[in-house]
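Following: one structure in structure tokens, then a few remarks.
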Amino acid sequence: MEMSQYLEVFLDESREHLQRCNEALLALEKEPNNLEIVNEMFRSAHTLKGMSATMGYEDIANVTHQMENVLDLIRNEKLQVQPALLDVVFASLDDLEAMVESIASGGDGKRNVTETLRLLKLWEQGNGTLTQKEVAATKTKDQPSTRTHGKPFDEFEQTVLLQSMEQGFSVFNITVTLTEDCLLKAARVFMVFEVLEKLGDVLKSTPTVEELEDEKFDQSFIVTLVTNKELDEVKAHVLKVSEVLEVAVDELSTDKIKQDIAATQEQTVGTEDATLVKEGDSQAAPTETKAVQSKTIRVNIERLDVLMNLFEELVIDRGRLEQIAKDVNRQELTETVERMSRISGDLQSIILTMRMVPVETVFNRFPRMVRQLSRDLGKQIELRIEGADTELDRTVIDEIGDPLVHLIRNAIDHGIETPEKRTKAGKKAEGSLVLKAFHSGNHVFIEIRDNGGGINRDKVLQKAIQNGVVDQTAAHSLSDNEVYQLIFASGFSTADQISDISGRGVGLDVVKKTIESLGGSVTVSSTPGEGSVFSIQLPLTLSIIAVMLVVSGNETYAIPLSSIIETAILKEEEIMYAHNQRVIDFRGKVVPLVFLEEVFQVPKGEKQTKDGYHSVILVRKGEKVAGLVVDSFIGQQEVVLKTLGNYLTNVFAISGATILGDGEVALIVDCNALL
């Protein structure tokens, strides 16, 4: 059997089941008596065990099997949930995640899980677990009625049984118990049925055939067989099926069937009475809604990337056609191009939506991380996640995980105080950490908010001066927000000692670089004694962006609309000088001017505005505002962002390029770098 074609599905589903187990385990820690959570974990572990065994990944199958045993004890109330036990199960999930990622990166999924298996086994054996045969025997003793009958026979089945007995056939209730380590239970059930159908007619099974196929049973099931074979012969044939631990065969008599008929009649009368009561009950349960069939398919992300690239070419050609239609000025052509533009706009929305992924996929990893860090640091922290269904482009999602890890670790280590300090300051011993995502315009904002001690302004400033990030003279003129921005400097850390969590000064530096490489920005605000808020602003998508096209000298440049506040025409006399820098007074605020033709050293072209006037675009990065001086504005347009390739890396203040409708290449200005 060729397994490679199923590998991608296996990896996707394995990650989903492991994530579900992680979330369930965190919930179980808060509600240790909620057996529904345990059942959910058990189902996920069981499915993962079956999948991994089928694919041939024995280490994963072994760990999940042992996890199942422990979870089974919990759900049967033979084992109590306690922190030490949860730690062992968490460690098991870590091993499983590592093995799944090993397979994803081309490995064999093998790992030394001896210690994990030993710890799980200790919890299992230390709480009086019986051997396989004892378990089977116990089930036989505890459930005599189920063993003999299973579910009562209905009227049709009773008639068939009585007629068969009158004609000299035997009727057997066969209880088959599979081994505890049986991996493909549904396959074993099928083999048992195949054997029995050669010996006679299978009348019914408990659980039903559908439930058996879906593996919705523990280790035992009952089959009712009508046959002319002897009891011992039937038993011997079933025992030949591999992974069958025990077979018990009970012969049914005519008297037993008649007892069943009487019991069924009594049950029917009781049910009718109950129905009458229900009809009179004004608070009857609502009718079950029909299950909605899933209408989703898995698509390889590479195919979506190809589709996006093709559409980007279409956008470039659309711009070209719009330019031609404007030049030709024919009504039929203009109308056709306008219609094509509308349709391609709708198509663009659909394709961009297809690439959108909820930030939940990134947020899901943090509850577990917060739990572990708070335990390591001896802190009590409650993590609250809001807006997890907010969607971002997949390329942004892939990059945003690491910056968020650094910010959360920073909030836990530097922000939230120990329970003793919090109590002394009159706060609750348990700190609060809020991770929030929300849409605003063409951007997504992610906030990390804590109610800790806030940022110590003096300590940050002292460290910045010590590290040479800012000089002594300039330090005292900095505002609070400017001081807080210093924590993003390379090599900066206020930790007194280097630990596994902080102190090396690389975390927040990485955060800033990564966010800005995605076309976003990160800001921080803090109130001493009350906490801090780190806010990340990200573009919805990175490939197709809205820009303002401008002319500077003989060149056309594109400035992203996300950076622009507004445009203006200035008189020459409105330009002033401050510290040898040309500035303007923009609504009571001094704003520096940046002349694009000077920055990019482009040849001077024909001025599009009258002498004595300047075209200015006011752009913002966080708190900073600047005016970009250009020769003229062309207008707004949606363009495809193309990278400059490997030969033109680290070009100052240029984030990429685009092809315009007339075939000209326009460079896209990186306003963050200019500011």
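None of the figures in this text is laboratory data; all of them are computed from the coordinates on show. Here the structure is a predicted model, which is why all the values come from computation and not from measurement. Note that each Cβ is placed from the backbone with ideal geometry, even for glycine, and that neighbours are counted across all protein chains shown.
Each Lys or Arg adds one and each Asp or Glu subtracts one; over the other residues with Cβ under 12 Å from the Cβ of ILE60, this totals -3. In terms of surrounding Cβ atoms within a 10 Å radius of their Cβ, CYS671, CYS182, CYS21 rank from fewest to most as CYS182, CYS671, CYS21.
Label positions at ALA673 and THR114, each projected 7 Å from the Cα along the C-beta direction, are separated by 5.4 nm. Taking every alpha-carbon pair under 8 Å whose residues sit at least 6 apart, segment 544-674 reaches a relative contact order of 31 percent.
Taking 0.36 nm per residue of sequence separation and removing the Cα-Cα distance, the VAL328/GLN125 pair yields an extension gain of 64.6 nm. Which of LYS110/LYS512; LYS427/LYS621; LYS121/LYS240; LYS30/LYS436; LYS78/LYS428; LYS427/LYS624 have a Cα-Cα distance over 32 Å? Correct reply: LYS110/LYS512; LYS427/LYS621; LYS78/LYS428; LYS427/LYS624. Along segment 656-670 the Karplus relation, 6.51 cos²θ - 1.76 cosθ + 1.60 evaluated at θ = phi - 60°, assigns HN-Hα couplings of x, 9, 8, 9, 8, x, 8, x, 6, 8, 10, 7, 9, 7, 8 Hz to successive residues, with x for each Gly and Pro.
Once the piece of chain linking GLN163 and GLU382 is laid out straight, how much longer is it, given 0.36 nm per residue of separation minus the C-alpha distance between them?
Details: separation 219, 0.36 × 219 = 78.84 nm, distance 6.70 nm.
Net length gain for the segment: 72.1 nm.
Panel order for ILE324, ILE448, by other beta carbons found within 10 Å of each beta carbon, from fewest to most: ILE324, ILE448. Amide H contacts of LEU245: THR177, LEU178, THR179, each under 5 Å away and 5 or more positions distant or on a separate chain (H built 1.01 Å from N in the peptide plane; Pro and chain starts excluded).
Ordering 572-582, 59-69, 660-670 by mean Cβ neighbour count within 10 Å, with the highest value first, yields 59-69, 660-670, 572-582.
Each Cα pair under 8 Å and six or more residues apart adds its sequence gap; the mean of these over the residue count of segment 61-116 is a relative contact order of 32 percent. Packing here is the average count of other Cβ atoms within 10 Å per residue, and on that basis the peptides 372-379, 544-551, 475-482, highest first, run 544-551, 372-379, 475-482. Taken along its three principal axes, the alpha carbon spread of segment 358-539 comes to 44, 37, 28 Å, from the longest extent down to the shortest. One decimal place: the segment GLU243-ARG365 gains 40.1 nm when fully extended, by the rule 0.36 nm per residue minus the C-alpha distance. Under a model in which nothing but the beta-carbon of Lys, Arg (+1) and Asp, Glu (-1) is charged, segment 4-129 shows a dipole of about 320 debye around its Cα centre.
If you take every residue apart from THR334 with its C-beta less than 14 Å away from the C-beta of THR334, what net charge results, scoring Lys and Arg +1 and Asp and Glu -1?
Values: positive: ARG318, LYS326, ARG330, ARG339, ARG342; negative: GLU322, ASP327, GLU332, GLU335, GLU338.
Neighbour charge sum, excluding THR334 itself: 0.
Across segment 572-585, rounded Karplus estimates of 3J(HN,Hα) from the backbone phi angles (6.51 cos²θ - 1.76 cosθ + 1.60, θ = phi - 60°) give 4, 6, 7, 7, 10, 10, 9, 6, 6, 10, 6, 9, 10, 8 Hz, Gly and Pro being marked x.
Rounded to whole numbers, the Karplus 3J(HN,Hα) couplings from phi for segment 459-465 are 5, 5, 5, 4, 5, 5, 5 Hz, using 6.51 cos²θ - 1.76 cosθ + 1.60 with θ = phi - 60°, and x at Gly and Pro.
In this simple spin-label model, placing a label point 7 Å from the Cα along the Cα-to-Cβ direction at both GLN636 and SER479 gives a separation of 2.8 nm.
Efficiency by 1/(1 + (r/R0)^6): what FRET value for GLU313 and SER517, r their Cβ-Cβ distance, R0 = 22 Å, to the nearest 0.05? About 0.35, to the nearest 0.05.
In which sequence would ILE536, ILE564 go, from the one with the fewest C-beta neighbours within 10 Å to the one with the most?
Details: ILE536 23, ILE564 18.
If I rank by nearby Cβ atoms, fewest first, I get ILE564, ILE536.
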